[in-house]
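For reference, the structure discussed in these notes is given below.
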Amino acid sequence: MIEVSNVTKAFGRGKHRAVVLDGIDFTVRAGEIFAVVGPSGAGKSTLAQCINLLERPTSGSVIVNGEELTHLSDRKLRVARRRIGTVFQASSVLQRRTAAENIALPLEYLGVTSAEVKRRVGELLDRVGLSDRAGHYPFQLSGGQRQRVGIARALALRPSVLLSDEATSGLDPQTTSSMVALLRELRDDLDLAIVFITHEMDTVLQVADSAARLEHGRITESGRLADLLIDQSSALGAELRPRHRDAAAQAGDDVWNLTYDSPNVPADWITRISADLGVPVALLGAAVQLVDGVSVGSATIGVPAHASATLPDLLTRYGLSAGTSPSTRELAAVG
Ligand SMILES: Nc1ncnc2c1ncn2[C@@H]1O[C@H](COP(=O)(O)OP(=O)(O)OP(=O)(O)O)[C@@H](O)[C@H]1O
Ligand SMILES: [Mg+2]
């Protein structure tokens, strides 16, 4: 478990002082993947460096499994930092070392015997699905395989926290999905607390149990992913929900974006709403996702504008919720 509490980071002094992180608070439990999203320059990488203490926070505390790291001496910090494994973007593996030699690095620094290194590296290669690539150099590996090497190396010292800063960014969707599957497997098998930093919303939806949005050094919103997705007032939820194309709607239809907790809504809700309204309702897009054991539904429907007024009551009756108002104008532009 990692507890980040009131962490602030400022660079520079006097009139050059810039506050990059301002009062960051969050907790990630063992077995949880916590995503941090936010625009470029928000402070995400600075946060990563403050979490693994490559940078000391200006104030606040970082507590891993009950031990506060920010005030440790350099020597004690070196030991304590083993509890946090870090994976960065693609380039962090050493080009002149094989996959196995890259993974062995942290163990060699610790002075682990070569027999033990060999055994542990074999185990780690197996763990990330690279047993048949042990002797390959990074240039002989795919982007996804290089990231697996990075993950195996981060796990070498058996950390309880895994920190990933844009580790899947720039990978193709299929490779990203397999990395996501690996991270979820590691979360469950090793009971890791994973802090997953990214600017890719699609990936968050696939990987995270909970998420926070970082903007100008502050967390503007955070929560369980399932809650964020269902909550129509959540800006982060809106960003995370898969978008449905509304171009297929008839001109003059109102377009409504709906969310629902799937098991609690009748499967034929759209037919029922059509019947109750006495007009056809067009299903423009829908998706149901299993998030944290909760089936979260999202749908976009088109309803003739004259029937829109009675829709909110029907939605409530069937357990669906909608944004405050439908978007007719947006649609007019589509034609
Ligand atoms: N060592 C430093 N000295 C001064 N300013 C810094 C330093 N490191 C980062 N910053 C500033 O902190 C801000 C946040 O940078 P950071 O790299 O944390 O953003 P980010 O959210 O990771 O962005 P990206 O999505 O582009 O990776 C930027 O304005 C950056 O210029
Ligand atoms: Mg960054």
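The residues on offer are Leu54, Leu47, and the sole one that is modelled with pLDDT of 95 or more, within 16 Å of ligand 1 (Cβ to nearest atom) and either within 23 Å of Glu166 (Cα to Cα) or of a type in the set (Val, Ile, Thr) (or both) is Leu47.
Restricting attention to segment 84-108, the residues being assigned to a helix (DSSP H, G or I) and within 15 Å of Ala48 (Cβ to Cβ) number 1.
Annotation for segment 137-157: no member residue is closer than 21 Å to Cys50 by Cα, under 26 Å from the mean Cα position of the chain (by Cα) and within 16 Å of ligand 1 (Cβ to nearest atom).
For the structure I just gave you, tell me whether Phe139 is among the aromatic types (Phe, Trp, Tyr) and within 16 Å of ligand 2 (Cβ to nearest atom). In short, no. Looking at Asp191, is it assigned by TED's automatic domain parsing to the domain that holds Ile33, open to solvent by 10 Å² or more (accessible area, probe 1.4 Å), within 16 Å of ligand 2 (Cβ to nearest atom) and touching a residue at least 12 places away in the same chain (Cβ under 8 Å)? For Asp191, the condition - assigned by TED's automatic domain parsing to the domain that holds Ile33, open to solvent by 10 Å² or more (accessible area, probe 1.4 Å), within 16 Å of ligand 2 (Cβ to nearest atom) and touching a residue at least 12 places away in the same chain (Cβ under 8 Å) - is not met. Residue count for segment 151-170 under the criterion of being more than 16 Å from ligand 2 (Cβ to nearest atom) and either surrounded by 19 or more Cβ atoms within 10 Å (Cβ to Cβ) or of a type outside the set (A, V, I, L, M, F, W, C) (or both): the result is 11. Taking the conditions (1) open to solvent by less than 80 Å² (accessible area, probe 1.4 Å); (2) more than 26 Å from Leu54 (Cα to Cα); (3) without any contact (Cβ under 8 Å) to a residue 24 or more places away in the chain; (4) over 28 Å from the mean Cα position of the chain (by Cα) in turn, Ala134 satisfies each one other than (3).
Applying a threshold of 9 Å to beta carbon distances and a minimum spacing of six or more residues, or different chains, the list of pairs starting in segment 258-277 at a residue that is without any contact (Cβ under 8 Å) to a residue 24 or more places away in the chain and ending at one that is open to solvent by 50 Å² or more (accessible area, probe 1.4 Å) and not aliphatic (A, V, I, L, M) reads Ser274/Pro280.
Pairs meeting the criteria (first residue in segment 27-42 and at positive phi, second residue within 16 Å of ligand 2 (Cβ to nearest atom) and modelled with pLDDT of 95 or more, beta carbons under 8 Å, at least 6 apart or on different chains) are Gly38/Lys44; Gly38/Arg213; Gly38/Leu214; Gly38/Glu215.
Given segment 247-335, what strands (runs of 3 or more DSSP E) lie entirely inside it while holding 2 or more residues that are within 30 Å of Glu185 (Cα to Cα), modelled with pLDDT under 80 and within 30 Å of the chain's Cα centre (by Cα)? So the answer is 282-291, 294-304.
Can you tell me which residue is nearest to Val296 (Cα to Cα) among those in segment 207-229 that are open to solvent by 30 Å² or more (accessible area, probe 1.4 Å) and in a strand (DSSP E or B)? Selected residue: Arg224.
Scanning segment 23-44 for residues that are surrounded by fewer than 17 Cβ atoms within 10 Å (Cβ to Cβ) and either more than 16 Å from ligand 1 (Cβ to nearest atom) or more than 21 Å from Ala167 (Cα to Cα) (or both) turns up Gly23, Asp25, Thr27, Arg29, Ala30, Gly31. Among the residues of segment 33-53, are any touching a Phe, Trp or Tyr at 6+ places or on another chain (Cβ under 9 Å) and away from ligand 2 (no atom under 16 Å from the Cβ)? The answer is yes; a qualifying residue exists. Of all residues in segment 1-22, those satisfying the criterion of being in contact (Cβ under 8 Å) with a residue 24 or more places away in the chain, within 16 Å of ligand 1 (Cβ to nearest atom) and hydrophobic (A, V, I, L, M, F, W, C) are Val4, Val7, Ala10, Val19, Val20, Leu21. Take the conditions closer than 30 Å to Phe34 by Cβ and in contact with a helix residue (DSSP H, G or I) (Cβ under 6 Å, 6 or more places away or on another chain) and apply them to Ser262. Does it pass? Criteria not met by Ser262. Checked against the criterion of being touching a Lys or Arg at 6+ places or on another chain (Cβ under 6 Å), more than 16 Å from ligand 2 (Cβ to nearest atom) and open to solvent by 60 Å² or more (accessible area, probe 1.4 Å), segment 94-112 has no qualifying residue.
The values are calculated or read from the model by the stated rules, or taken from the named source; none is laboratory data. Since the structure is predicted, the reported quantities are computational estimates derived from the model, not experimental observations. Note: ideal-geometry Cβ built from the backbone for every residue, glycine included; neighbour counts use all protein chains shown. Each accessible area value is taken on the protein alone, full model and side chains, heavy atoms only, with ligands, DNA and RNA left out. Shrake-Rupley method; radii C 1.70, N 1.55, O 1.52, S 1.80 Å.
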